[in-house]
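Peer 1: Structure below; questions to follow.
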Amino acid sequence: MSLIRSVGTIGGLTAVSRVFGFARDILLARALGAGLAADAFQLAFTLPNTFRRLFAEGAFSVAFVPLYSRALHGRDGEPGSEEAATAFANDVLSVFVWVLLAFSGLCMTLMPGIVWLLAREYMTVPGKFELSVFLSRVTFPYLGLISLVAMLSGLLNARSRFGPGAAAPVLLNICLISGIILGDHLRGQSGDDVVVVEVLAAAVSISGVAQLAYLAWATRRAGVKLTVKLPKFTPEVKRLGMLILPATFGAGIYQISQLVDTFFATSLPQGSLTLLKLADRLNQMPLGIVGIALGTAILPMLSRHIHTGDNAEAQRLQGNAFEIATLLTLPAAAALAVCAPAFCTAFFVGGKFTPADGAIMADIVVALVAGLPAYVIVKVLNPGFFAREDTRTPVWTALASLIFNLGVNLYVVERFGIVGLAAATAASASLNCLLLYAILHKRGWFHFTPRLASRVARQLVATAAMTAALWYLVPLMQDRYAGGLIDKVWSLAALVAGGGAVFFGVAFAVGALDKDLLGQLRRRRPARTKADDEILEVE
């Protein structure tokens with residue numbers, strides 16, 4: 001598939017998942033507010049998700065996809081084969097399953113100590129620490145299930161089948177939405193939030209079962225039959241392990257940074273962790289749709305070009321991905337920053353979620369989205385290392401960012417609270433992005449061309465025009481955001497339509513949009529051709 005087609009597939013399905021996730025967060029905020037039970041659930045949901053990003057979507061995927069792609073497609077003149085790729089996947093699966101079982105069992109046993117390390121301040125609130133431990137044990141099986149999902153997704157991605165892996169998170173959000181509705185029904189008039197979060201925690205693990213069943217079906221449908229057997233450490237499995245170790249450390253540094261943020265958030269007034277997580281998920285919408293889609297799509301393509309020695313195509317592919325990333329995230333970041341009070345009031349305030357909660361959440365969103373372009377661009381730059389089987393360099397950039405983040409947190413959290421914590425996260429992401437690009441440029445693996453620099457500069461002009469328009473529009477409808485459903489819908493629609501019209505109008509006028517690319521995207525193709533399996537060139 002072309003880069004555009006691949007990103008479109010992943011981004012489109014991820015957008016569907018994010019819409020469901022957005023609905024989930026709205027229901028969660030209104031059902032629980034920002035209180036004791038909400039904080040306990042957010043911590044319990046954070047733990048398996050952190051390790052999932054560390055092992056499954058982080059270190060494992062970036063190491064597994066290039067090796068599986070090499071076994072399937074070949075490298076340096078050596079032919080690949082279905083048999084070799086399936087044998088490698090079976091060997092990896094047979095080791096991976098037992099590692100996940102052992103790790104999950106150990107963590108569930110040690111859960112009181114893990115929660116104490118992250119949220120010792122919860123012990124000062126009666127019942128909050130005990131509830132956090134219980135919920136964390138209920139949600140933790142999700143780690144093992146979703147890690148296997150990530151492996152199967154990586155296998156399908158290497159075959160340019162991006163749909164199933166991108167669609168699977170929809171099942172998570174459907175399960176959690178169902179859990180919120182069921183939990184709210186079961187608590188009835190009692191108002192007991194504990195009932196809701198207990199059902200929610202069970203829904204998390206149930207969603208892992210659903211996603212694994214779906215990916216297993218998709219893998220079979222793709223003609224790949226995997227079996228679990230006694231673990232055997234073949235040379236290729238050992239090679240994977242050698243790549244995973246530094247990648248785990250590198251991804252681990254980022255996840256440690258997230259846990260550091262969680263630690264600081266739990267030391268702040270009750271509800272701070274919930275507000276941070278809700279704001280971050282609003283920030284994550286464009287990151288997931290654009291950043292993860294780009295990173296997932298270009299890794300197997302980039303690996304293929306590098307393995308065949310086509311460095312010019314590798315440079316062009318990353319340049320195209322960088323241009324798409326900035327085209328979509330620069331206006332998204334600016335729009336979220338200006339419209340944060342409107343969005344938080346219209347979508348989240350209601351039920352147990354107060355206007356004061358909405359105001360704090362809006363400030364957190366503004367701080368977080370300052371780093372949104374960096375978050376996405378990192379997803380574009382990292383594959384430049386991973387495709388070359390260099391999983392060490394991102395370790396050092398991530399370590400530098402972690403040290404920077406920790407130092408800034410120690411200064412700003414006491415003075416600016418949860419908003420300062422969010423700003424420090426954005427600043428550390430920007431530092432990591434700059435370091436990654438500097439190293440890629442120095443090694444001659446990727447560099448800014450005059451054409452790319454010109455395109456990004458024009459995108460900034462269009463973004464500035466859109467920001468000015470939104471700055472004028474947002475206050476005009478301030479009373480409508482907290483009004484009835486009709487008022488909310490038309491006022492937010494006016495913001496989105498007005499901002500979008502200004503951005504794309506100016507972008508087209510100044511040349512921020514590539515007209516040749518738009519022409520290629522509009523061109524109808526009578527049938528799928530071999531050209532569809534290559535990247536769509538942008539000159």
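Peer 1: Considering LEU93, LEU176, LEU200, LEU106, which residue is in a helix (DSSP H, G or I) and either over 21 Å from ASN49 (Cβ atoms) or modelled with pLDDT under 90 (or both)?
Peer 2: Numbers: LEU176 fails: either over 21 Å from ASN49 (Cβ atoms) or modelled with pLDDT under 90 (or both); LEU200 fails: either over 21 Å from ASN49 (Cβ atoms) or modelled with pLDDT under 90 (or both); LEU106 fails: either over 21 Å from ASN49 (Cβ atoms) or modelled with pLDDT under 90 (or both).
Matching residue, one of LEU93, LEU176, LEU200, LEU106: LEU93.
Peer 1: Of all residues in segment 123-139, which are more than 16 Å from ASP193 (Cβ to Cβ) and hydroxyl-bearing (Ser, Thr, Tyr)?
Peer 2: THR124, SER136, THR139
Peer 1: Then there's this: Report yes if some residue within segment 459-472 is in a loop (DSSP other than H, G, I, E, B), open to solvent by less than 40 Å² (accessible area, probe 1.4 Å) and farther than 30 Å from GLU313 by Cβ; otherwise report no.
Peer 2: Step one: of segment 459-472, the residues in a loop (DSSP other than H, G, I, E, B) are none.
No, segment 459-472 has no match at all.
Peer 1: If I ask for residues that are more than 13 Å from SER207 (Cβ to Cβ) and open to solvent by 10 Å² or more (accessible area, probe 1.4 Å), which ones from segment 125-143 would you list?
Peer 2: Those that are more than 13 Å from SER207 (Cβ to Cβ) and open to solvent by 10 Å² or more (accessible area, probe 1.4 Å): VAL125, PRO126, GLY127, PHE129, GLU130, LEU131, VAL133, PHE134, ARG137.
Peer 1: Could you list, in sequence order, all residues of segment 355-400 that are over 14 Å from ALA422 (Cβ atoms) and of a type in the set (Ser, Thr, Tyr)?
Peer 2: Answer for segment 355-400, where residues must be over 14 Å from ALA422 (Cβ atoms) and of a type in the set (Ser, Thr, Tyr): THR391, THR393, THR397.
Peer 1: How do the pairs read when you match residues in segment 179-207 that are at positive phi with residues anywhere that are polar (S, T, N, Q) and part of a helix (DSSP H, G or I), using Cβ under 7 Å and keeping only pairs 6 or more apart or on different chains?
Peer 2: none
Peer 1: Still on this structure, please answer the following. In segment 351-399, how many are more than 30 Å from LEU435 (Cα to Cα), among the small types (Gly, Ala, Ser) and open to solvent by 20 Å² or more (accessible area, probe 1.4 Å)?
Peer 2: Within segment 351-399, residues that are more than 30 Å from LEU435 (Cα to Cα), among the small types (Gly, Ala, Ser) and open to solvent by 20 Å² or more (accessible area, probe 1.4 Å) number 3.
Peer 1: Would you point out which residue out of GLY154, GLY165 is small (Gly, Ala, Ser) and open to solvent by 10 Å² or more (accessible area, probe 1.4 Å)?
Peer 2: Values: GLY154 fails: open to solvent by 10 Å² or more (accessible area, probe 1.4 Å).
None of the others qualify; the one that does is GLY165.
Peer 1: Can you tell me which residues in segment 274-313 are at pLDDT below 75 and open to solvent by less than 10 Å² (accessible area, probe 1.4 Å)?
Peer 2: GLY288, GLY291, ALA293, LEU294, ALA297, ILE298, PRO300, MET301, LEU302, SER303, listed by residue number.
Residue-wise test of (1) assigned to a helix (DSSP H, G or I); (2) open to solvent by 30 Å² or more (accessible area, probe 1.4 Å); (3) at pLDDT 80 or above.
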{"site": "VAL204", "(1), (2), (3)": "yes, no, yes"}
{"site": "VAL209", "(1), (2), (3)": "yes, yes, yes"}
{"site": "TRP217", "(1), (2), (3)": "yes, yes, yes"}
{"site": "LYS225", "(1), (2), (3)": "no, yes, yes"}
{"site": "LEU230", "(1), (2), (3)": "no, yes, no"}
{"site": "LYS238", "(1), (2), (3)": "yes, yes, yes"}
{"site": "PRO246", "(1), (2), (3)": "yes, no, no"}
{"site": "PHE249", "(1), (2), (3)": "yes, yes, no"}
{"site": "GLY252", "(1), (2), (3)": "yes, no, no"}
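Peer 1: Right, next: Go over the candidates ALA429, ALA482 one by one and state the one that is open to solvent by 70 Å² or more (accessible area, probe 1.4 Å) and at pLDDT below 90.
Peer 2: That would be ALA482, the only listed residue that is open to solvent by 70 Å² or more (accessible area, probe 1.4 Å) and at pLDDT below 90.
Peer 1: Can you pull out the residues in segment 153-195 that are of a type in the set (Gly, Ala, Ser) and either closer than 19 Å to LEU212 by Cα or within 23 Å of the chain's Cα centre (by Cα) (or both)?
Peer 2: Step one: filter segment 153-195 for residues of a type in the set (Gly, Ala, Ser), giving 153-154, 158, 160, 163, 165-168, 178-179, 183, 188, 190-191.
SER153, GLY154, ALA158, SER160, GLY163, GLY165, ALA166, ALA167, ALA168, SER178, GLY179, listed by residue number.
The values are calculated or read from the model by the stated rules, or taken from the named source; none is laboratory data. Note that the structure is a prediction, hence the values are computed from the model and not measured. Glycine also receives a Cβ, built like all others from the backbone with ideal geometry; neighbour counts cover every protein chain displayed. What goes into the accessible areas is simple: the full protein's heavy atoms, side chains included, and nothing from ligands, DNA or RNA. Shrake-Rupley method; radii C 1.70, N 1.55, O 1.52, S 1.80 Å.
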